[in-house]
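Worksheet for the structure shown next.
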Amino acid sequence: METAELTQEELFQQRIDADQRIEPKDWMPDAYRKTLIRQISQHAHSEIVGMLPEGNWITRAPSLKRKSILLAKVQDEAGHGLYLYSAAETLGASRDQMLADLHAGKAKYSSIFNYPTLSWADIGCVGWLVDGAAILNQVPLCRTSFGPYARAMVRVCKEESFHQRQGFEIMQTLCEGAPEQKAMAQEALNRWWWPTLMMFGPKDDESPNTARSMQWRIKRFTNDELRQKFVDMMVPQAEFLGLTVPDLALQWNETKQGYDFGEVNWEEFWQVVNGNGLCNHDRLQARVDAWEEGAWVREAALAHAEKRRQRQEPIHKSGPTRKAELPQD
Amino acid sequence: MSQSEWPLWEVFIRSKQGLDHKHVGSLHAADAAMAIQNARDVYTRRMEGVSIWVVESRHIHASNPDDAAAFFDPANDKVYRHPTFYQVPDSIKHM
Ligand SMILES: [Fe+2]
Ligand SMILES: [Fe+2]
């Protein structure tokens, strides 16, 4: 048999090349598993830490409508974190360990959340630009080779588009408002534009893992490809709003049918990645505090569940999920 | 830091009356009541469900993917189990 000659690794690559999904119990190279655990847990951490800059404005949203919308969005981000942690757990990672790594500063999350949200327009920019960039990253991940990750991303992407729209709506309202409001929108765009471009990660020639991740079809586009798409997508939207993208080098390139744009400040990027951004310390501290202050709740819930188990109390005395009812269901 | 993680639960949701419950993901909870509550918050924020089942993950038994070939192949050469295997004369209706 021809296939008997192939190593497990070659068989695995064949399945990938045939666009088959890999499921948790399937054989996979160790490096594939490790890459995925790292990527999915970083992604999960980003969703969870990402709640902080927006949570900052829930109590100060300018109307009840905006407050309800922002609450719903932040709640979605918590959900995204949970879908992703669950996907990483199917690979054998433990939830507590992933959180411990985050809290110890060993795990990364998206650097964008280490920037402060100073005005209400920042909440507009986060939705419009940051969620916009996240969508570009996430849509191709719906077809990523690892099944549980792809399925989590399908769920996430369904929920994301309202995030971007509500952000754009905030910006539009400000831009159609008083001159001070428009100035506030422009000022926020000035601060968020470049950090958003950094969200796509280092340039392709400085991203050593890209080639392998593409070969394994974890990634489907390179960082630079996605960054270009983002600029091409956002510039007309900024023009619609009457805002100026803070990049003097920005220019339409007829030949490539896309925009040429200036160089990202990579020095700043690496500073923030390595923990020296404006809010790195606060964000991490907020997570650690939440975890530690919630410890008694987690313990009490376990103790309560155990007590109930010992008393053999049914969970729902007349609820629809009582065991005995399942077979006829 | 708490010493023991809350157990893991698999979540199944019936999206509307008349359809099967379908696996949607998993979550951690101290007990079944909390698992159902959390599943409501995590998986049905946009009316995705009318009924939720939760099963502790450790109670799920699964076939082994390494045996998949041997396990599922016997069904492979039994084409006569499918209606398309049979020739029905053109003049025969309603079959
Ligand atoms: Fe998200
Ligand atoms: Fe989002």
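The values are calculated or read from the model by the stated rules, or taken from the named source; none is laboratory data. This structure is a prediction, so every number in the text was calculated from the model and none was measured. Positions of Cβ are generated from backbone atoms using ideal geometry, with glycine treated the same way; all protein chains shown enter the neighbour counts. Heads up: the accessible areas ignore ligands, DNA and RNA and are worked out on the full protein's heavy atoms, side chains in. Shrake-Rupley method; radii C 1.70, N 1.55, O 1.52, S 1.80 Å.
Some observations on this one:
- Farthest towards the positive end of the charge dipole of segment A:31-160, among the residues A:Gly50, A:Leu70, A:Thr35, is the Cα of A:Thr35, using unit charges on the Cβ of Lys, Arg, Asp and Glu.
- Averaged over B:29-35, number of beta-carbon atoms from partner chains that fall within 10 Å: 6
- Local electrostatic count at A:Thr35 - Lys and Arg +1, Asp and Glu -1, tallied over other residues with Cβ under 11 Å: +4
- Label-to-label distance for A:Glu10 and A:Ser161 is 4.4 nm, based on points extended 7 Å past Cα in the beta-carbon direction.
- Neighbourhood charge, 12 Å Cβ-Cβ cut-off, centred on A:Thr173 and excluding it, Lys, Arg +1 and Asp, Glu -1: +1
- Principal axis box of chain A, alpha-carbon based, largest edge first, Å: 66, 61, 41
- By average C-beta atoms within 10 angstrom, highest first, the peptides B:68-74, A:107-113: A:107-113, B:68-74
- Among the protein heavy atoms of chain A, carbon and sulfur supply 55% of the accessible surface, probe 1.4 Å, non-protein parts ignored.
- Placing +1 on each Lys and Arg Cβ and -1 on each Asp and Glu Cβ, with no other charges, gives segment A:253-304 a dipole about its Cα centre of roughly 240 debye.
- Solvent-accessible area per residue in chain A equals 50 Å², computed with a 1.4 angstrom probe and all protein chains kept.
- Pairwise label distance in nanometres, A:Asp260 with A:Arg309, each label 7 Å out on the Cα-Cβ vector: 6.6 nm
- Relative to the longest principal axis of the Cα atoms of chain B, the long axis of helix B:32-43 lies at roughly 70 degrees.
- Cα-centre dipole for chain B with unit charges at Cβ (Lys and Arg positive, Asp and Glu negative), debye to 20: 540 debye
- Signed unit charges on C-beta, dipole axis of the protein assembly as shown, positive-most listed residue A:Gln251, A:Ala104, B:Ala69: B:Ala69
- Environment charge at A:His45 (Cβ cut-off 13 Å; Lys +1, Arg +1, Asp -1, Glu -1): +3
- For the peptides A:148-158, A:293-303, A:68-78, A:270-280, the ranking by mean Cβ contacts within 10 Å, running from highest to lowest, is A:148-158, A:68-78, A:270-280, A:293-303.
- The charge dipole of segment A:156-207, taken about the Cα centre with unit charges on the Cβ atoms of Lys, Arg (+1) and Asp, Glu (-1), comes to about 120 debye, rounded to the nearest 20.
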